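Taken together, the values in this text are just the output of simple stated rules run on the coordinates, not laboratory data. This is a predicted model, so every value here is computed, not measured. Methodologically, a virtual Cβ is constructed for each residue, glycine included, from the backbone with ideal geometry; neighbour enumeration extends over all protein chains shown.
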Amino acid sequence: MTGHADSWYHEKESAWLYGVVAAAEPDAARRALFLKLAAAAEEQAACWRRADPSISSEFTPALRARVVARLLRRFQPRHLRPVLAAMKLRGLSVYSGPRAPAVHDIPTSASEVGGRHSSVGGNSLRAAVFGASDGLVSNAALVMGVAAAGVASGSLLITGLAGLLAGALSMAAGEYVSVRSQREFYEYQIALEREELAEYPEAEIEELALIYNARGLEMEEARRVSRTLLANPEHALEVLAREELGLNPSDLGSPWTAALSSFGAFAVGAVLPVLPFLLGLPRDTAIYAAAGVTLLSLFALGVALSLFTGHSALRGGLRLMCIGGGAGLAAWAVGWLLGASVN
């Protein structure tokens, strides 16, 4: 497709995706926004078709769009913001964190506070893909390097399983320490806020009022809203943590969940180059099979990552396959040199 037809198709696909996002969005206001964007995209598509009547009225979403639609049926749109951005959808600033507009509606209840501080869960999905990629490349390179040194098939199996376990445990430990440290920092900040609220409630009301005043609310009205929000002890700390610190007390990540997720993602990737040895294939056959499985899996992961980049799936798959293949060749060369030296 070129010219008007290409522009028409892009608008039709955007309208279709906006409809899918709206259907998956639990918030009524956001759902209405995406429905309006869908209608606008449909109107723009109609303009392109009026400009070029030869454009067919038949529309079928591309494979990438259908994959994104499937993801939207399993995850809320806010969790897939990076993917939707790669599809060039607009209106995603409603899920923004720090980049939210400086001026926005002032909340009137604690449940309305801090929506802009929500984390983007799409990063978890992307992290899982990257974790599997890390496990695949590192363990395949390890197995290839040791194989080039002339090690027997049984030893290669042990090497691969040891590499899987060591790498997965290392990833899990690192993720646990990282998330635990972040959580402790957040908890410390929230504890300080709790103490200040108990000791200087009027000062906290004034600080919150200044924040709302900076967003355009008159100072007296800002004080009234702040006093109302902080009057309920159950919600006061949550309001202050979100508005003053940019933290969501109920959304502090679990170190164990992060560690287990990291362990699982790495292990899934790392087990693939070991499968031919687990199946008991002859040594040389298993080595070739491991290389083939690794390259095919790298290509598939590259295609998956293209959902986040918006680039060609073929280009993404080939690029990751070349990078991983290069790492495997380098490991093979080093292993061969070491093996020759030792022998």
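What is the calculated FRET efficiency for Ser312 to Ala46, with r their C-beta to C-beta distance and R₀ = 35 Å, to the nearest 0.05? Walk me through the intermediate numbers first.
Numbers: r = 28 Å, r/R0 = 0.81.
According to the calculation, E is roughly 0.80.
Loop-only check: which trypsin sites (Lys or Arg not before Pro) in segment 154-240 are DSSP coil with at most 14 other Cβ within 10 angstrom?
On the way: sites: Arg180, Arg183, Arg194, Arg215, Arg223, Arg224, Arg227; in loops: Arg215.
Filter output for segment 154-240: Arg215.
Taking a ≥ b ≥ c as the square roots of the Cα gyration tensor eigenvalues, with a/c under 1.5 meaning rounded and otherwise prolate when a/b beats b/c, else oblate, which class fits segment 11-71?
Values: a/c = 4.33, a/b = 1.52, b/c = 2.86.
Here segment 11-71 falls in the oblate category.
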Q: Describe numerically, in nm with one decimal, the distance between label points set 7 Å from Cα along Cα→Cβ at Ala166 and at Glu195.
A: 4.5
Q: Mind checking the full-extension length gain between Arg74 and Ala214? Use 0.36 nm per residue of separation minus the Cα-Cα distance, one decimal, nm.
A: 46.5 nm
Q: Could you calculate the FRET efficiency of Ala62 with Thr228 from 1/(1 + (r/R0)^6), where r is the beta carbon distance between them and R0 is 51 Å, rounded to 0.05?
A: 0.55
Q) How far apart, in nm, are two points set 7 Å out from the Cα along the Cα-to-Cβ line at Lys88 and at Arg31? A) 2.9
Q. How much net charge surrounds His10 when only the other residues with a Cβ under 15 Å from the Cβ of His10 are counted, with Lys and Arg +1 and Asp and Glu -1?
A. -1
